[in-house]
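Novice: Starting off with a structure, shown below.
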Amino acid sequence: MSFALLALQLGGAIGPPVPSALESTAQELSSGRASTAVEIAILLTVLTLLPAVLVTITSFTRIVIVLSFVRRALSVNELPPNPVLIGLALFLTSFVMGPVAGRIWDKAYQPYKAGEISIEDAAGKGWDELAVFLVANTRKSELALFSEMAKVEQASDGQELNLPMRVIVPAFVLSELKTAFQMGFLLFLPFLVIDLVVSSVLLSMGMFMLPPVMISTPFKLLVFVLVDGWHLVCESLVTSFVTT
């Protein structure tokens, strides 16, 4: 009995018992917020899908394709190296997507952390902000194509944001590929002219055994450096996106 009385006295001195993990989780769910374990699971899922997210719903695809076209047009297939191009594309992507990420942070994540909205509402607000960027940089013909294939009613002007994700995302990727190849073709034209001129000069001089690329590559690099080519390419890429 003395041990039981001592335990009761110590319990009263220490204070009321701490609620269990199940009770705290139930309280979090009742307040509309996900538990810490659920948040960690969502974070790990996002990290796993990060490469797919980077390629499909950001400006990365257009940027890296155009930079690869520049390297091919200069006839220097190994310079700059792939890590350099990927790093530059990543930082340009972060620069372009910065305003979109800022709006998602302010309108979705901050209210969720403050307990003002549930995780479902936060996800919906985040998608709404991202969809504005995707639709603004997607051709209407691509949206119409995937709406028809998905058997979804085509949206009228100004109502494209109401389309489902399975229509907007592939339409955006297809539109980015088309735009990137168009920009790459325009980048190839001036360097193609240099190749033609060098080849014609070598043929007129009877130098059939000399590869034209050995002569044209230094001229391409010279022209590219004189016009500050990397500055122009990066500026054109960044300003080609509508960030609203």
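Novice: Name every residue in the range 182-207 that is closer than 25 Å to residue 60 by Cβ, surrounded by 14 or more Cβ atoms within 10 Å (Cβ to Cβ) and of a type outside the set (A, V, I, L, M), in order of residue number.
Specialist: Hits for the range 182-207 are 184, 188, 191.
Novice: Of the residues 114, 144, 131, 122, only one is exposed (fewer than 14 other Cβ atoms within 10 Å of the Cβ) and among the aliphatic types (A, V, I, L, M); which?
Specialist: Testing whether each residue is exposed (fewer than 14 other Cβ atoms within 10 Å of the Cβ) and among the aliphatic types (A, V, I, L, M) leaves just 114.
Novice: Filter the range 39-82 for residues that are under 30 Å from residue 192 (Cβ atoms), of a type in the set (S, T, N, Q) and either part of a loop (DSSP other than H, G, I, E, B) or in contact with a helix residue (DSSP H, G or I) (Cβ under 7 Å, 6 or more places away or on another chain) (or both) and give the result.
Specialist: Within the range 39-82, 59, 61, 68, 75, 77 qualify.
Yes or no, residue by residue, for (1) in contact with a Leu (Cβ under 8 Å, 6 or more places away or on another chain); (2) at pLDDT 85 or above; (3) basic (Lys, Arg):
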{"site": "10", "(1), (2), (3)": "no, no, no"}
{"site": "61", "(1), (2), (3)": "yes, yes, no"}
{"site": "77", "(1), (2), (3)": "no, no, no"}
{"site": "94", "(1), (2), (3)": "no, yes, no"}
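Novice: Shifting gears a bit: Can you confirm whether residue 191 is more than 30 Å from residue 52 (Cβ to Cβ), without any contact (Cβ under 8 Å) to a residue 60 or more places away in the chain, part of a helix (DSSP H, G or I) and in contact with a helix residue (DSSP H, G or I) (Cβ under 6 Å, 6 or more places away or on another chain)?
Specialist: no
Novice: If only one of 98, 102, 87 is over 23 Å from residue 230 (Cα atoms), surrounded by fewer than 14 Cβ atoms within 10 Å (Cβ to Cβ) and of a type in the set (Gly, Ala, Ser), which one is it?
Specialist: 102
The values are calculated or read from the model by the stated rules, or taken from the named source; none is laboratory data. Fair warning: this is a prediction, and the values are worked out from it, not measured in the lab. So basically every Cβ, Gly included, is an ideal-geometry build from the backbone, and we count neighbours across all protein chains shown.
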